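Presented below is the structure to which this report refers.
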Amino acid sequence: MSERCRQHRATPDSPQAAQRFTLSHMFTAVQMALVLGLTAAPTAASAAPQAGTSSASLELSETVVEGVLDPATGLPPAYAGGQVASGSRVGLLGNKDFMETPFNTISYTDEYIQNRQAQDIGSVIGATDPSVYVPTKRSNFETFFIRGFYSNADDITFNGLVGMAPNMRGSTELAERIEVLKGPSALLNGMPPSGSVGGSINLVPKRAGDEPLARLTTTYESRGLGGVHADLGQRFGDQKQFGVRFNGVYRDGDTPVDNQQHKMALSSLGLDWRGERARISLDFYKQRERIDGLNYFGINTIAPNVTHLPSPKKGDYALAPKWAYTINNTTTTMVRGEYDLTDSLTAYAAWGQRDGGYNAMINSSTLVNNVGGISSSAIRSIRSGTQQSGEVGLKGKFQTGPVDHAWTIAATRFTSDNSFKDARAAIPGTTNYDNLDFGNAPTFPGYGATTSQTRANLGSYAIADTLSFAEGRVQWTVGARRQRVQNTTDAFGPRASKTSYDESRVSPATALLVKVTDEVSLYANYIEGLSQGASAPDSAENAGAVMQPYQTKQYELGTKVDLGSFAHTVSLFQIEKPSAFTDPLTNVFGVYGEQQNRGVEWSFFGELQPRLRLMGGATYTQAEMTKVVTGGVKDKQVTGVPKVIAKLGTEYDLLDVPGLTLTGNINHTGKQYATNDHRVSLDSYTTYDVGARYAFKVETKPMTLRATVQNVTNKAYWLGSWNGGDGSGLSGGLGAPRTVLLSGTVDF
């Protein structure tokens, strides 16, 4: 980043010439930028970061522009308003300023997480980001849709390592930042275990700052869910080279949903040491969560004769049996270190192990008629397993004439071993949506034997180089990752079987960023995602045949405008994801299908004017099956993907009452289809949140009181990730009810 750019980013009153930059000019400039990226004659190179400028985080010598990282935290500093950071980790490329990132990214700060009173990942990334749709409020398994594609908690990374985030659901209190990259990321992060392609999420662990921290927060949620959170940090040594950060959380009580209770305990410890050339850290956390009366899915499938859903009830209406529950455990240890071999060459390595699983009894329901008839079965499931994840690499900088290079080579390895004990029992009779009665908890005679075991091994090698021309104003990134996917599944019992999978794929990527001015950046990228290919079913002519990993392709154009204290991003994207099915004419299973998501995103954040902070945006996504099975539904909006999402979060500091801030959120989600033939749909809905917080001091101790009412009108609506391949629908539930959140924080 140039000195002028650093000054501009720090000065809210800098010139606003970029406001006159129209959308048509942006598209023209993008085309010019693609040419400039190949033909521009570069000039002087920027200086490499100096050794010995480390701070509390491991990523201090990531390939970032000098001056971007905060010396107190080792992270990109907060942007104006403090809600988001000015940059984030971009996988293999390291920490980058958002104006120098050729992808659409956002990084939420701990300050925003606290003020949002968010207790899970979805409550953070789904609040104001129009690219993210969160279809469940409180289930045992957090799921997200990013750019219209499904993702889940298993694909979240922790401090850059896949598979080390909390199992199934993550608590926010262990994270300093929550980073979101939109679009596929096979080059940047490798193939995620569950094959998410719409985006990636990274949790940045907390580190001790230079100033001691002793913070206590108490929380309360409607109907009696109370909690307490202790956050302690301290650095030691004559140069504060040793750091300790501890977070402890306990929540217990009734949730806003009828007959539902939630209990969660978390303890996390972050240790780090920073020297002149070396940095090392150790993270440990243990999380246990239990939800009783679990609203897992309200309606899993829809019978073919159903033409509409019942009218939605208020969100406190329980769609689950009283006996339904889930218990979720995670214990993780992770170490990361790096060493500056020279001023321009750094070696790094990381390793982690996660142990845990779940113990659950839930129900699966089918809507069988138009008067709300529901048939159900009960599922008993226990999963236990161990995941190990690691990476090693080198990163550095050099010059070839007038061209600067910031390069990285890396190797990653992820292994997972899980065992399952699954059983299903019928729930006699049919109940009704208006008067649900699932009877007593079913029994599972003979339950306890292992029914299946899965072993996965994901290994990869990657290389990337960012070439900088014209004093860093033109940056061209190229790279590729070779990924090997191995998987073995053993099924036991009456239908014993064994399936194996061993395939490889090379995923290339390229991205161009042009800094037209200090205030305007244009970017374009081509990047791929990778998902494990399916195996042909026993009924297919080629039974047992293994498909190569699915190669998802993204093409994106975008512009970023930074007005000093307020920033915009506009992106156009197209993502093509293959799918497999059995051809009904030939009975051969193959990769014949394709889903294509095209969209435009507009997002913004920062201080629009003194004391007024805004964050939000709007998206329009056209998600269609462009290739389908013979007789299938083609060129229609895919189930579960709303075409329009718009969100706005506001904060305003009252001048007449110092310390008092008023807050509000608006969330509009457009119509969705629940079946592939579009006979059943979910209406659009809009919810409103209002709140306030008051910061003051008691003697010398800072205190903050917060109050928020979510869904203040108590809007009743259906939501869910409806995506049944056979047109039956999947995963529907009721939206969250009116919910009161209260919290108080004191720093000792």
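Quick note: the coordinates plus some simple rules give every number you see, no bench work behind them. If you're wondering where the values come from, they're calculated on a predicted model, not measured in any experiment. Backbone-built Cβ (ideal geometry, glycine too); neighbour counts: all protein chains shown.
Once amide H atoms are built 1.01 Å from N in the peptide plane, which residues 5 or more positions from Tyr79, or in another chain, come under 5 Å H to H?
Correct list: Val84, Ala85, Ser86.
Just tell me which lysines come within less than 30 Å, Cα to Cα, of Lys395; anything on the same chain fewer than 8 places away is out.
Filter leaves Lys96, Lys182, Lys206, Lys240, Lys515, Lys553, Lys560.
Using only Cα atoms and rounding to the nearest 10 degrees, what angle (0 to 90) does helix 23-39 make with the longest principal axis of the chain?
70 degrees
About the Cα centre, and with charges only on the beta carbon of Lys, Arg (+1) and Asp, Glu (-1), how big is the dipole of the chain? Nearest 20 debye, please. Could the numbers behind the result be given before it?
Details: 68 positive and 70 negative charges, 183 e Å.
The dipole magnitude comes to about 880 debye.
Report the local net charge at Gln475: Lys and Arg +1, Asp and Glu -1, summed over other residues whose C-beta lies under 12 Å from its C-beta. The partial results should precede the final answer.
Numbers: positive: Lys96, Arg473, Lys515; negative: Asp97, Glu100, Asp404, Asp465, Glu471.
Net local charge, Gln475 excluded: -2.
Farthest toward the dipole's positive end in the range 3-747, which of Leu282, Ala491, Leu522, given Cβ charges of +1 (Lys, Arg) and -1 (Asp, Glu) about the Cα centre?
Ala491
Which option, [x] -0.33, -0.61, -0.91; [y] -0.24, -0.48, -0.83; [z] -0.56, -0.70, -0.87, is the value of log10 I(q)/I(0) by the Debye sum over Cα atoms at q = 0.05, 0.07, 0.09 Å⁻¹ that was calculated from these coordinates?
Label [y] holds the value from this structure.
Once you keep just the Cα pairs under 8 angstrom separated by 6 or more residues, what percentage relative contact order results for the chain? Could you put the intermediate results ahead of the total?
Details: 2246 pairs, mean separation 97.3, N = 748.
In percent, rounded to a whole number, it is 13.
At a Cα cut-off below 14 Å, give the aspartates and glutamates reachable from Lys647, other chains included and same-chain residues fewer than 8 away excluded.
Hits, sequence-local ones excluded: Asp129, Glu601, Asp689.
Label 7 Å along Cα→Cβ of Arg484; the range 330-357 residues with amide nitrogen under 20 Å?
Hits in the range 330-357 for Arg484 at 20 Å: 350-352.
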